1. What is the sum of charges around Ala39, taking Lys and Arg as +1, Asp and Glu as -1, for the other residues whose C-beta is under 12 Å from the C-beta of Ala39?
2. Place a label point 7 angstrom from the Cα of Asp96 along the Cα-to-Cβ direction, then list the residues of region 56-90 whose backbone nitrogen is under 19 Å away.
3. Work out from phi, with θ = phi - 60° and the Karplus expression 6.51 cos²θ - 1.76 cosθ + 1.60, the ³J(HN,Hα) of each residue of region 43-56, listed in order in whole Hz, and give x for Gly and Pro.
Amino acid sequence: MKTLLLLPVVLLMGASTTVSASDNLSLRICEYVQANDKARLRSFLKQNKLKIRNIYSELRCNGDNILIFSAKSNALEVGEFIIGKLPSKDVKIEIDNLEKYSAHLTEEAKAR
């Protein structure tokens with residue numbers, strides 16, 4: 001009986017650790033985007049074996065995807081990096097939203 005009760009508790013503790021770790025990863029990525037620190041962002045992604053194209057649809061910074069967040073934060077270097085790493089169809093979808101916040105990133109997106 002004790003084993004049956006202990007197993008769900010252990011599983012729940014493991015699940016909460018995973019959520020916490022992913023929250024920490026997303027927080028770091030958002031910090032690097034906002035600071036326009038492309039080198040640290042690239043290093044962090046490589047260290048954690050992450051790719052922009054794989055996390056783009058799930059990651060939100062202040063309620064926006066990382067491309068729009070970089071435009072709002074005036075993080076042009078990181079924005080260019082993100083545009084270069086995303087599939088062109090994902091970039092085309094965001095062109096109208098980018099126009100509101102950054103003319104430079106809009107031009108980069110259109111060129112892609």
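Throughout, read-outs are computed from the coordinates displayed, never taken from laboratory work. In this text, all values refer to a predicted model and were calculated from it rather than measured experimentally. With ideal geometry, Cβ positions are generated from the backbone for all residues, glycine too; neighbour counts draw on all protein chains shown.
1. +2
2. In region 56-90, the label zone of Asp96 (backbone N under 19 Å from the point 7 Å along Cα→Cβ) covers 64-69, 71-72, 88-90.
3. 4, 5, 4, 5, 4, 9, 6, 10, 10, 4, 5, 7, 9, 4
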